[in-house]
1. What is the order of D261, D53, fewest Cβ neighbours within 10 Å to most?
2. Can you sort D63, D300 from fewest to most other Cβ atoms within 10 Å of each residue's own Cβ?
3. Starting from the Cα gyration tensor of segment 144-183, multiply each eigenvalue by 5, take the square root, and state the resulting semi-axes largest first in whole Å.
4. When the Kirkwood radius is taken over all Cα pairs of segment 239-315, what Stokes-Einstein diffusion coefficient follows at 10 °C and 1.306 mPa s, in µm²/s?
5. Order these by the 10 Å Cβ neighbour count, fewest first: F61, F155, F222.
6. For D299 and A194, calculate 0.36 nm times their separation in residues minus their Cα-Cα distance, and state this gained length in nm to one decimal.
7. State, as an integer percentage, the relative contact order of segment 239-315 based on alpha-carbon contacts under 8 Å between residues 6 or more apart.
8. May I ask you to derive the FRET efficiency for D150 and T57 from their Cβ-Cβ distance with R0 = 45 Å, giving the value to the nearest 0.05?
Amino acid sequence: MKALAVVAALALATAASAVAATPGPPIVSTHPGMPTQPGSVVGQELPLKAYADIQPTVHLFGDTLHAKLAVIADTRFVVPERLRVRASFLPYEPVGAPTLLHVQVGRFEQMTWTWTLRCLTTRCVPVAPPSEEFHVFRFPEAKIDYFRPDGTKAFGITAAWPSVEVQSQVSPGTRNALLKARRYNWQYRISPVAAPTFRVRPMLLFWLALGIAGAVLIAAMFSGWRWFRVLHPVAPTVEELEGSSLERALALLQWAHDHGDETLERKAFERIAGELGVAVDDLSATAHELAWAPERPEDDEVEAFTEQAREKGLGS
């Protein structure tokens, strides 16, 4: 009986060890509140999966990081537009808004958010404690929430970021030299502050600018005066036109021709033609022709006509 009992005990022990050695089904860790979808092939019968990455994970103080969050969704069970992402990278700060890239293959869509991060504050400077050589930061998990059509939250998943190590910009050799010397070896004197140097003396530049401004102002005033004289010509006074009516008409003709007043010049020719009358019929006809000619007469024509009119008109 004792031998039979020993054999039975050995058989049970062997069976237990065999059961323990047989691998069982893998344990799937699902996110709280997230429904499983038997038809989803994203993985572990879940409609969503998220992957978080940061590059580089080891960097020098002041360098730029790139954090990427990729979410793969089975569009048969999930509408990608209803996903909301929350991420915090303190003490790092995003440089602008994150970029979003959509890639769809069949019924699966991948959305990738990319943040550009940088930390320039004292919180990221490696000092003791905890270490003057490096700091290690672990950011909170990124949260991906899915909302129903009515705006209520249906479920959510998370993605863990890798830790980030920021190292000092001071090299080990420089640090050892500072520790041995116990002082900073400045390459440039920081005091007293050197006097500023200029390519051109400020006072000379000031007077040059003032002179150029004055010259421009004088040129503008001269141009405006000439423009005003063209629009408002000075008419001859009565004292300048003393003498006979023919002499006054000839003087008006000469003034209008010299100042380019075509209308006044033609009227002067008509006035001279009327003053000459029938006494000097041929010269009167010439005055009429010049008054109605398509082109203005030249200087020599006006001068010759004026001399003939004085000789014949005043001598008659």
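Read-outs throughout are calculated quantities, based only on the coordinates presented, and are distinct from any laboratory measurement. Since this is a predicted model, take the numbers as computed values, not measurements. Neighbour counts are summed over all protein chains in view; Cβ atoms, including those assigned to glycine, are modelled from backbone coordinates with ideal geometry.
1. Values: D261 17, D53 13.
Fewest-to-most ranking of D261, D53: D53, D261.
2. Ordered from fewest to most neighbouring Cβ atoms within 10 Å, D63, D300 come out as D300, D63.
3. Each semi-axis is √(5λ); the values are 53, 9, 6 Å.
4. Values: Rh = 12.1 Å.
Answer, rounded: 131 µm²/s.
5. Working: F61 16, F155 19, F222 10.
So the residues, fewest neighbours to most, are F222, F61, F155.
6. Residue separation times 0.36 nm, minus the Cα-Cα distance, leaves 30.7 nm.
7. Averaging sequence separation for qualifying contacts and normalising by length gives 28 percent for segment 239-315.
8. Working: r = 40 Å, r/R0 = 0.90.
The computed FRET efficiency comes out at 0.65.
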